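Novice: This is the structure I have questions about; it appears just below.
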Amino acid sequence: MYNAKEIESKWQKIWEDGSFYEPSDDFSKEKKYILSMFPYPSGRIHMGHVRNYAIGDALARYYRKKGFNVLHPLGFDSFGMPAENAAIKHSIHPRKWTYENIDYMKKELYSLGFSFSKKRLLATSDAIYTKFEQEIFSKMYEAGLIYTKKAQVNWCEHDKTVLANEQVEDGKCWRCGNEVVQKSMDGYYVKITQYAQELLDSLEELKDKWPSQVLTMQENWIGKSKGCEFKVKIKELDKEFSVFTTRADTIFGLSYFALAPENDIVKEVLNTNLIDEKAKEEIIKLQNQSTRTRQQSEKIGINLNIHAIHPLTNEPLPVWVANFVLADYGSGAVMAVPAHDERDYEFASKYNLNIKKVIECENLPFTNDGILINSNEFNGLNSSKARDEIISLLSKKNIGKEVINYKLRDWGISRQRYWGAPIPIINCKNCGKLLEKQLPVLLPDDVSITGEGNPLEKHHSFKKCKCPKCNADASRETDTMDTFFQSSWYFARFASNPLNWDKCAIDKEANYWMNVDEYIGGIEHAILHLLYARFFQKALRDLGYLKYDEPFAKLLTQGMVLKDGSKMSKSKGNIVDPDEIISKYGADTARLFILFAAPPQKELEWNDSALEGAFRFINRLYDRALTLNVCSFDDINHSALAKEDKYARLKVYEALKKADDVFTKTYAFNTIIAACMEALNALNNAKDNKVLSEGFAIILNILEPIIPHVCSELSKELFDCANNKNYEIKEEVFISDELKLGVSINGKNRAEFIVAASATEEEIIAKAKEVGAKWLEQKQIVKEIYVLNKLVNIVVK
């Protein structure tokens, strides 16, 4: 009788005792680096985690069987705000909460038989990880890749903290409900824009290896646009501002300018009497709104009562503040052409501003290219040619030039919270900002986390220090790093020998393992995590740590696991606990179900009956295998077998042929599981012991990466091996004794018939005439054509 608990605990101990999980030091072997995106240690895993890691583990086990040197590590993305929230809610220190959760999750993950390297286990909150992360920060800072600047941030006055956009709900702090305002603060920024063009260009080498949807999302996020930047003077002020546009061909349709609320011209107007107090209050209200709130609101504008001079017509045009203009795109100023831009048209219609058509069209707004009208000497040109000529004219007048812009902005990594990697900077009034020399800079444990402000600001022994240069009183930086910083280089840390983890951030061994051959994770990480990781790889290359351009050779984005139509989450109360499934059915059942229920790239709807079906299949496989009279099967004479035995071999080898394609290309594990189920059914009708022995050996070999415990147990019991043999395809099984052919009369399919594979062409044509006799009555046969192994076409008149 199949006893999942007994079998699984037995084999998990065997694998651990034999260091089955660990990669080899033999670097002459061909390698495979299989990596699943690491989890946040929230306490318990759910079936979404199981799906992610079951895919990765199946691939790791498959490549080990094929003789590859396999690296398959596990880590925990363990810094971040959830730990602080738990500290506030449960009065528990974030460190204690985090590491208790890690211990529990490790136990759960290993109970599923996942073959993660235990020697390369890490958490990003480990002191040794922080040490070398701070070293990387320092190298980037010295290279000018990290700098400080003032920027607008979401600020909660009640909690005294900066909020990420996703923590602002309807303009209020997600934690306390206080109104969020915009505040100008110093912060640390990573100069990812320096790599914008390379990040865009190298997407080309990922084509056919990454999902096209992810490549498109990355391309759009980087957002390269070629256009024109020109200067305009303000009539009422001795000032000017720059405008960027991708549609220079529509410049004669310009009817107003729109500025971001933070634009310097807006700040200038606020200090004048050009607008009344009510207008000033409205502008300040817009300035205090987060970018997300503005973008989600209806179009709002305030007339600044100033005019900017059109660069080509010298016409004075009104200047407005508008909530749809982004301060950090271009120059925070928009050339508004309402006739040919939907957003500008909506705004102009609302505020009764001029709308001037300059491209031939019937309906407005018309946003495509076309033939210019009402555009002076450029009338009659198509948009493409007009853009070039107008930019050339602006350049000659020395008021404009062709430029390339990116939507991508530099990455702000400052977080005003405790549970994160400290930024290794000392602030000295005499010497300015200096890098810490003694790393790691670690978080103090004796803090009180209340949710009000950053406790590091109030921790005097952490904050107060001496300047390492002049020995004056100084202060340590109290901001901690964005958690994306930690998750953007962990793949390279895994690739380094753990014996060197206390000596360097990334060792030479990493270049053997990098880049990651198979990276598996959710589509929700398609933009930020993957973009930041790609940037890090390139930056670490330039800093001398790594040599490759891209971190992830292939990417598999698995679909979500749903229950009751929505993604599993604790907040929705629809979590399925893997512990309960393991206790009732076993780990192999959980693994089989999660890989059989749907292709990995698709969403998976939870189904209890399908789970029970997976359990029944494993029981059927186990019980049937133990009834075998096992014998050697190296010398099977296929041609001498009975029909049922030939068919069983055919189904077994069809499954084997499909397996290599699935593991290396399609990842459609459901199809090979289905093929193995078909093969098992066919073997139930087989009689030859050699065929049965061969069939079960191959099925167990195919399924071992998916349900490793039961397959290892049966392979050891029946064949006295761990079933790591590579079985070759035997083409003889695909040669049929019969042919199924079609009959076509004048090119139209009429019937089908079966003949012996040994039949001659004359016999086949005669049989075709017999089957198609009713369509040949009173017809004269003109031609008889036999298409080998497919059909007979008879031409009549």
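Novice: Somewhere in the range 403-411, is a residue surrounded by fewer than 14 Cβ atoms within 10 Å (Cβ to Cβ) and more than 30 Å from ILE34 (Cα to Cα)? Please lay out each step first, then the result.
Specialist: Just the residues of the range 403-411 that are surrounded by fewer than 14 Cβ atoms within 10 Å (Cβ to Cβ), to begin with: 404.
Those still in the list that are more than 30 Å from ILE34 (Cα to Cα) too: 404.
Yes, the conditions are met somewhere in the range 403-411.
Novice: Next question. Before we move on, is SER242 in contact (Cβ under 8 Å) with a residue 40 or more places away in the chain, within 30 Å of GLU389 (Cβ to Cβ) and surrounded by fewer than 17 Cβ atoms within 10 Å (Cβ to Cβ)? Explain how you work it out, then say what you get.
Specialist: Working: in contact (Cβ under 8 Å) with a residue 40 or more places away in the chain: yes; within 30 Å of GLU389 (Cβ to Cβ): yes; surrounded by fewer than 17 Cβ atoms within 10 Å (Cβ to Cβ): yes.
Yes: the conditions hold for SER242.
Novice: While we're here: Of the conditions (1) modelled with pLDDT under 95; (2) of a type in the set (S, T, N, Q); (3) in the same structural domain as TYR147 (by TED's automatic domain parsing); (4) over 33 Å from the mean Cα position of the chain (by Cα), ASN454 fails just one. Which one is it?
Specialist: (4)
Novice: In the list LYS774, LYS767, which residue meets the criterion of being surrounded by 12 or more Cβ atoms within 10 Å (Cβ to Cβ) and part of a helix (DSSP H, G or I)?
Specialist: Numbers: LYS774 fails: surrounded by 12 or more Cβ atoms within 10 Å (Cβ to Cβ).
Only one candidate passes the filter, namely LYS767.
Novice: Oh, and also: Quick test for you: out of ILE764, ILE781, ILE785, pick the one residue that is over 30 Å from LYS657 (Cβ atoms), among the β-branched types (Val, Ile, Thr), out of contact with any Lys or Arg (no Cβ under 9 Å at 6 or more places or on another chain) and not assigned by TED's automatic domain parsing to the domain that holds VAL710. Quick ask: steps written out before the conclusion?
Specialist: On the way: ILE764 fails: over 30 Å from LYS657 (Cβ atoms); ILE781 fails: out of contact with any Lys or Arg (no Cβ under 9 Å at 6 or more places or on another chain).
After ruling out the rest, the residue left standing is ILE785.
Novice: Moving on. Looking at the range 89-99, is at least one residue small (Gly, Ala, Ser) and either surrounded by 18 or more Cβ atoms within 10 Å (Cβ to Cβ) or assigned to a strand (DSSP E or B) (or both)? Give the steps one after another, and end with the answer.
Specialist: Narrowing the range 89-99 to residues small (Gly, Ala, Ser): 91.
Subset that is either surrounded by 18 or more Cβ atoms within 10 Å (Cβ to Cβ) or assigned to a strand (DSSP E or B) (or both): none.
No, there is no match, as no residue in the range 89-99 is small (Gly, Ala, Ser) and either surrounded by 18 or more Cβ atoms within 10 Å (Cβ to Cβ) or assigned to a strand (DSSP E or B) (or both).
Novice: Next question. Working only within the range 391-400, note down all residues that are surrounded by 19 or more Cβ atoms within 10 Å (Cβ to Cβ) and more than 41 Å from the chain's Cα centre (by Cα). Steps first, answer last, please.
Specialist: We begin by selecting, within the range 391-400, every residue surrounded by 19 or more Cβ atoms within 10 Å (Cβ to Cβ); these are 391, 394, 400.
Residue satisfying the conditions is LEU394 alone.
Novice: Every residue in the range 740-751 that is assigned to a strand (DSSP E or B) and either basic (Lys, Arg) or surrounded by 12 or more Cβ atoms within 10 Å (Cβ to Cβ) (or both), please.
Specialist: Taking the range 740-751 first, the residues assigned to a strand (DSSP E or B) are 740-745, 748-751.
LYS740, LEU741, GLY742, VAL743, SER744, ILE745, LYS748, ARG750, ALA751 - these are the residues of the range 740-751 that are assigned to a strand (DSSP E or B) and either basic (Lys, Arg) or surrounded by 12 or more Cβ atoms within 10 Å (Cβ to Cβ) (or both).
Novice: Another one. Can you find, within the range 497-508, the residue that is surrounded by the fewest Cβ atoms within 10 Å (Cβ to Cβ) among those that are in a loop (DSSP other than H, G, I, E, B) and either not assigned by TED's automatic domain parsing to the domain that holds PHE116 or not small (Gly, Ala, Ser) (or both)? If you could, list the steps in order and put the result at the bottom.
Specialist: As a first pass, look at the range 497-508 and keep what is in a loop (DSSP other than H, G, I, E, B): 497, 501-508.
In the following step, the residues that additionally are either not assigned by TED's automatic domain parsing to the domain that holds PHE116 or not small (Gly, Ala, Ser) (or both) were identified as 497, 501-504, 506-508.
Numbers: ASN497: 18, TRP501: 20, ASP502: 9, LYS503: 11, CYS504: 14, ILE506: 23, ASP507: 19, LYS508: 11.
The extreme case among them is ASP502.
Novice: Could you check, for the range 588-604, whether at least one of its residues is part of a helix (DSSP H, G or I), surrounded by fewer than 18 Cβ atoms within 10 Å (Cβ to Cβ) and in contact with a Phe, Trp or Tyr (Cβ under 8 Å, 6 or more places away or on another chain)?
Specialist: Keep residues of the range 588-604 that are part of a helix (DSSP H, G or I), which gives 588-596.
Keeping just the survivors that are surrounded by fewer than 18 Cβ atoms within 10 Å (Cβ to Cβ) gives none.
No, that holds for no residue.
The values are calculated or read from the model by the stated rules, or taken from the named source; none is laboratory data. This structure is a prediction, so every number in the text was calculated from the model and none was measured. Positions of Cβ are backbone-derived with ideal geometry, glycine not excepted, and every protein chain shown enters the neighbour counts.
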